[in-house]
1. For residues that are within 14 Å of the ligand (Cβ to nearest atom) and surrounded by 20 or more Cβ atoms within 10 Å (Cβ to Cβ), scanning just region 108-137, find the one that is nearest to residue 69 (Cα to Cα).
2. So if I check each of 101, 85, 96, which one is in contact with a strand residue (DSSP E or B) (Cβ under 9 Å, 6 or more places away or on another chain) and within 16 Å of residue 155 (Cβ to Cβ)?
3. Quick check on my filter: what residues within region 295-314 are outside any loop (DSSP other than H, G, I, E, B), in contact (Cβ under 8 Å) with a residue 60 or more places away in the chain and surrounded by fewer than 21 Cβ atoms within 10 Å (Cβ to Cβ)?
4. Hey, among the residues in region 363-384 that are free of Cβ contacts under 8 Å to residues at least 12 places away in the same chain and farther than 20 Å from residue 280 by Cβ, which one's surrounded by the fewest Cβ atoms within 10 Å (Cβ to Cβ)?
5. Go through region 70-125 and report how many residues are of a type in the set (Lys, Arg) and closer than 30 Å to residue 15 by Cβ.
6. Which is touching a residue at least 60 places away in the same chain (Cβ under 8 Å), within 23 Å of residue 10 (Cβ to Cβ) and touching an Asp or Glu at 6+ places or on another chain (Cβ under 8 Å), of 273, 251?
7. Which is assigned to a helix (DSSP H, G or I) and either more than 11 Å from the ligand (Cβ to nearest atom) or at pLDDT below 95 (or both), of 241, 254?
Amino acid sequence: MNEKEIIYFDNAATTRLDDEVLNEMLPYLKDYYGNPSSIYKLAQKNKNAIERARQDIADIFNCRASEIYFTSGGTESDNWAIKSIAEAYKSKGKHIITSEIEHHAVLNSCKYLESQGFRVSYLKVDKNGLIDENELKKNICDDTILVSIMFANNEIGTIQDIKKLAEIAHEKNILFHTDAVQAVGYIKIDLKDLGVDAMSVSAHKFYGPKGIGALYLNKKIKVLSYLHGGAQEFSKRAGTENVAGIVGMAKALELAYNNLEKNNLYVKDLRDKIIDGVLNNISHVKLNGDREKRLANNINFSFEFIEGESLLLMLDAKNIFASSGSACTSGSLDPSHVLLAIGLPHELAHGSLRITLGKHNTQKEIDYFLNVLPDIVKKLRDMSPLYEEYLSKK
Ligand code: PLP
């Protein structure tokens, strides 16, 4: 590898904007600057572009255009879905069910609701991060109004059986939300078949722009306004629309869907090469998450006797950019709540490395990574008092 080249292994944090997406967006950033709510032609062009994008996205997800609301991303979609459903249905009950491994956008929305008098049950997961259907059934109470379970986990890539979990909730007349931020782009989602009532999406995870997302809300549910102000987004989410972002997200979704099988096969092959290469050549390493029910691009290892942060810094020095957990928890020294939830002891949770591949990664990059990693791991272990202690006991 050339010194100046970088290896980007953090596609769950965000992805590089596709050139085709950028080209689609550019006219809306430069030439068509009218406010979509105005009545002249310059503005109406934008209004039409928004509605075309809404229809295209609805066609891809197999829902109605009127069920798609544009937001600023996954965090807003999760907040909106959970808080507004809670508020709209609180006369029916004040109990919500989610899981211990959700993204903080969901967990902290639930924590907020707890401060407002709601009860929240956090489902445990098994050692691979999977939710047991019976656990969900057991936690349902007479006053449960909402279940929110993520489609695919952002740290360990575990994919849940959302269709089944939504069916269980529906048998008891309970609404179901899924955070599909990491799933879109890797799993084909047909909302009629999936049967969820609400779903969060974020464009920057599938080669679209940052700061734009969508929330699907089934027409049968009561929708409360999230941002109060003008009449945008069917008067439910006020604010001048991010036209370029909306157009870009629709294009990115179209590209993701048209190339989904091809891209999945490609990244899965690279993923398996890394998993096998690391497990076969480095000792005291564990793959976190389910080997089969995992996103095609996700790898999460725990290295014994190593601090994840030091590993990331050593990789960074080689221009390899990876992560030890989710981007939102970096900067915090707490071990990942997801890794603790799957039963890892603190030491192993601290020694984690998340590699999330994308369509731009190459075989050459994988070879380079597999070539440099054993040395880095050895250097770090040589400095570790815990490793020394382990060796002396052996
Ligand atoms: N939900 C999941 C599962 C995520 O991985 C992320 C981002 O990492 C989010 C929500 C938040 O999305 P955004 O960055 O668009 O706010």
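The values are calculated or read from the model by the stated rules, or taken from the named source; none is laboratory data. Keep in mind the model is a prediction, meaning the values are calculated, not measured. Here the Cβ positions follow ideal geometry from the backbone for every residue, glycine too, while neighbour counts run over all protein chains shown. Side chains included, ligands, DNA and RNA excluded: accessible areas come from the protein's heavy atoms. Shrake-Rupley method; radii C 1.70, N 1.55, O 1.52, S 1.80 Å.
1. Filtering first and then ranking leaves 109.
2. 101
3. 310, 314
4. If we take residues in region 363-384 being free of Cβ contacts under 8 Å to residues at least 12 places away in the same chain and farther than 20 Å from residue 280 by Cβ, then 382 is surrounded by the fewest Cβ atoms within 10 Å (Cβ to Cβ).
5. The qualifying residues number 2.
6. Residue meeting the stated conditions: 251.
7. Criteria check complete, one pass: 254.
Yes/no per residue for (1) open to solvent by less than 60 Å² (accessible area, probe 1.4 Å); (2) more than 30 Å from residue 50 (Cα to Cα):
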| site | (1), (2) |
| --- | --- |
| 245 | yes, no |
| 271 | yes, yes |
| 278 | yes, yes |
| 293 | no, yes |
